[in-house]
Each structure stands twice: as C-alpha cells, then as structure tokens.
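Report on the following structure.
Each reported figure results from applying straightforward, stated rules to the coordinates on display, with no laboratory input. Here the structure is a predicted model, which is why all the values come from computation and not from measurement. When we count neighbours, we look across all protein chains shown, and the Cβ atoms used for this are built from the backbone with ideal geometry, even at glycine.
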Amino acid sequence: MLRSTATILPLLMLTVTSAESAESSVRVGFAIATERCASCHIASPKQTLTPLFPDAPKFEDIANRPATSQESLVAFLGSAHGYGSASSSPTPQIQALPVLTDREKSGLASYILSLRKAH
C-alpha cells in the first residue's frame, strides 16, 4: 500500500500542476485578448466595447471552428496577421501591432479554446 501511494502521489501532483498551468495560460490569454485584441475582435462573450472591424471574427466563433486547435492558433498568431502588407489575412492591417511572444501566443490560443462550446 505504501509503495503504490508513493507511485501515485507524484502523478497526482503532476496533474494538479498541469491544471494550474493551463489555468494560468488561459488567464494570460484573456489579458492579451482584452488588452490587445478587443479593439478589432469580440474577444469575450461579455465584451461591451464595439470592435473597429465588425467583420473580424469573434473569438468564440474561431474557437468553435472544427479545424481550430492549439497548434493552428499558435501558428496563425505567429503569422503575419496584422503585421503589415505581407499579411495573408483578409482583415484590414493595423500599424504597430506588437509581435506576440511564444508564451503570449500559447496563452491566447488557450484562452480562445476555452470559449469552445461543448457539443
């Protein structure tokens, strides 16, 4: 019994640490979404700010696209979206959009995915 407890305890600690890390990542993403994305997108279902570009997709809609994944969002956020004339994005280009760090891209992707509705 003592031996199995010694084996299970580290696994439980890893699970708790992973859950806390995921929650922290979503909080980072929410902060970025509300500070840097909400001027163009509806970044939160509770957003009251009217976005500059009403045709920009809502984050909730992005989350519910079948092909949306953590990896696809991180890749997109690392692309030229909003970073000048080289962008492949059909949305209007905004000057001086700060480039996201890897942690910010991951957090924003986690936050967007947290908006996914259960089907």
Hey, fewest Cβ within 10 Å first, where do Leu73, Leu113 land in order? Leu113, Leu73
For the residues Glu23, Glu71, Glu60, what sequence is obtained by ranking on other C-beta atoms within 10 Å, fewest first? Glu71, Glu23, Glu60
Ranked by Cβ crowding within 10 angstrom, fewest neighbours first, how are Phe76, Phe59, Phe53, Phe30 ordered? Phe53, Phe76, Phe30, Phe59
If I model a spin label as a point 7 Å beyond the Cα along the Cα-Cβ vector, how far apart are those points for Arg103 and Ala67 in nm? 3.2
